[in-house]
1. Would you work out if the stretch 119-204 is rounded, prolate or oblate? Take a ≥ b ≥ c from the square roots of the eigenvalues of the alpha-carbon gyration tensor; rounded if a/c is under 1.5, else prolate when a/b is larger than b/c, oblate otherwise.
2. Which order do the peptides 370-377, 298-305, 404-411, 519-526 come out in when sorted by mean C-beta neighbours inside 10 angstrom, highest first?
3. Roughly how many Å is it from the Cα centre of the stretch 395-470 to that of the stretch 342-385, as a whole number?
4. Charges at C-beta only: +1 for Lys and Arg, -1 for Asp and Glu. How large is the resulting dipole of the stretch 143-187 about its Cα centre, in Debye rounded to 20?
5. Students often get this wrong: which residues of the stretch 447-470 have the backbone nitrogen under 17 Å from the point 7 angstrom along Cα-to-C-beta of F47?
6. On a full-extension model of 0.36 nm per residue, what is the gain between R164 and I393, subtracting their alpha-carbon distance, rounded to one decimal in nm?
7. What does the net charge come to around M281 if you take all other residues with beta carbon closer than 12 Å to its beta carbon, with K and R at +1 and D and E at -1?
8. When Lys and Arg each count +1 and Asp and Glu each count -1, what net charge do the other residues less than 15 Å away from Q262, Cβ to Cβ, add up to?
Amino acid sequence: MKICTTFCMLPMVLVMMSSSFITIMAVIESHIPTTLDGPFKPVTRRFDPSLRRGSDDLPMTHPRLRKNVTLNFPEQIALAISSPTSMWVSWVTGDAQIGLNVTPVDPASVGSEVWYGKESGKYTSVGKGDSVVYSQLYPFEGLWNYTSGIIHHVKLEGLEPGTRYYYKCGDSSIPAMSQERFFETFPKPSPNNYPARIAVIGDLGLTRNSTSTIDHLIHNDPSMILLVGDLTYANQYLTTGGKGASCYSCSFPDAPIRETYQPRWDGWGRFMEPLTSEVPMMVIEGNHEIEPQAGEISFKSYLTRFAVPAEESGSKSNFYYSFDAGGIHFIMLGAYVDYNSTGAQFAWLKQDLQKIDRSVTPWLVAAWHPPWYNSYASHYQEFECMRLEMEEILYQYRVDIVFNGHVHAYERMNRVYNYTLDPCAPIYITVGDGGNIEKIDVDHADDPGKCPSPGDNIPEFGGVCKSNFSTGPAKGNFCWNKQPEWSAFRESSFGHGILEAVNSTYTLWTWHRNQDNYKENAVGDQIYIVRQPELCMKDLKPQDSQQSLPYNSNPKSSHAPTHLSKNSIITLQFLGLLFICGLYYEVKWS
């Protein structure tokens, strides 16, 4: 009877043992730390002087920036997520104009069509959309004006999740249709469905370092791109052409407005097209997208060129919106429009957070341009006002990860809330290291003599709320005297990041440095970000979510990633054998 009982329980015990051991071995075998190991002792990797801090802008004659289509054929083709069952397709036709006198073309003169289907060459559906032209005007002596080509936006609706579609875009009546491209929709929102790899970039620009970043990113085969502001740096390229320059009105010093060379936007669209015509890119505005012009008009290029799911997410502004990518809910916030708790953006944010069902989209990721947590001298405490207005609600609803740019370097924080380490706070990551003309940031606010004064780093928008720390290791000081405890790792190198959600509790974050582009399996920083809903969401009230508890209670979702090597499998088999031998020994001698 004892033998029967023992061996009848053997399969169940083996399953339990192997499941737990797989969880442990997966993390041990990979040698990748997890946030459960934190908070980590702060680490700084100093700038390598053998590298360039920056590089020149690519000339408009560069092969990747030149126009390669004729007449009204589409160019600058780009995709953006609209919803789990719809996709935006955008492109440009015709020629832009730049000079003292420009005349906008009629946007209705070229149609907006997308032919698409599930088989190459067989297009079973046609989507139609809208087109628009914008101008960047400087009615000041000597400054050039600009008017764009025709910018087309078409929303493809009724798509099936997790499906590849082939498409062409253009105007079939001319005829002027693009070559065939394809895209893949994401799986439907679910705690078990995620995009394969999400690339995260900030402050990209159009330099030789930018090309290294994009080439490296393409090699890592992303399924989505998250671009956290400062796209082209068109406002730092002289209106007369030539090399980029970090100054105001370089060629016309008496002009009251900082001019912007809008053809850089067209060059940037061509530069990105090989990637964005097949991989959706989600953008949010940065300070270099402000681009003021006559009549107090700003952000004209950003608002016109990019289709974002603002209306789909209940937002009345393209400056802030949200969307789902499988089991991840993304919130894109605007730092250069009203972010006060009494404003429209905050009201939308609260409503969006209340609607999230964490049993369907367990991961909650937020992104905006300027970081709240930043230990570099550049932009130090620049957006304290925004942090004071919005940090509490993001913490309340347990945002998991926050991505920012603005600071031209890489930095990953320990979990932090109100400058205090907190196991339930977000992981903040700064990726403003895309490769722009302004060079990499190398000075830290805690370096001797590098602490900026409270009068430095004044934001382009919002108030100034800088103050000395009232508690903690930096009490009474504006800057820390060493790397802050909330800063886990920082390095001054250009690069990009890849986010890979494994399941509802484990996501792998990898930061790739440009100088490692040709090194096999090289990473600059890597960590598993682990959600702990049983710890951090147990006190949330039912009304804080549509569900009684806003997290996935499926016990399978708590398993660590199972990237097992051959050695791990052999080890498991050996332990299983030992377990069976132990049972045999017990039976034999009892």
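1. oblate
2. 404-411, 370-377, 298-305, 519-526
3. With the stretch 395-470 and the stretch 342-385 each reduced to a Cα centre, they are spaced 13 Å.
4. Here the size comes out at about 80 debye.
5. Inside the label zone: 447-452.
6. Numbers: separation 229, 0.36 × 229 = 82.44 nm, distance 3.74 nm.
Contour length minus the Cα-Cα distance gives 78.7 nm.
7. Residues close to M281 contribute a combined charge of -1.
8. Details: positive: K67, R258, R264, R270, K300, R305; negative: D57, D95, E259, D266, E289, E291.
Once all neighbours under 15 Å are counted, the net charge is 0.
The values are calculated or read from the model by the stated rules, or taken from the named source; none is laboratory data. All figures in this text were calculated on a predicted structure; none of them were measured in a lab. Here Cβ is always computed from backbone atoms with ideal geometry, including for glycine, and neighbour counts include all displayed protein chains. What goes into the accessible areas is simple: the full protein's heavy atoms, side chains included, and nothing from ligands, DNA or RNA. Shrake-Rupley method; radii C 1.70, N 1.55, O 1.52, S 1.80 Å.
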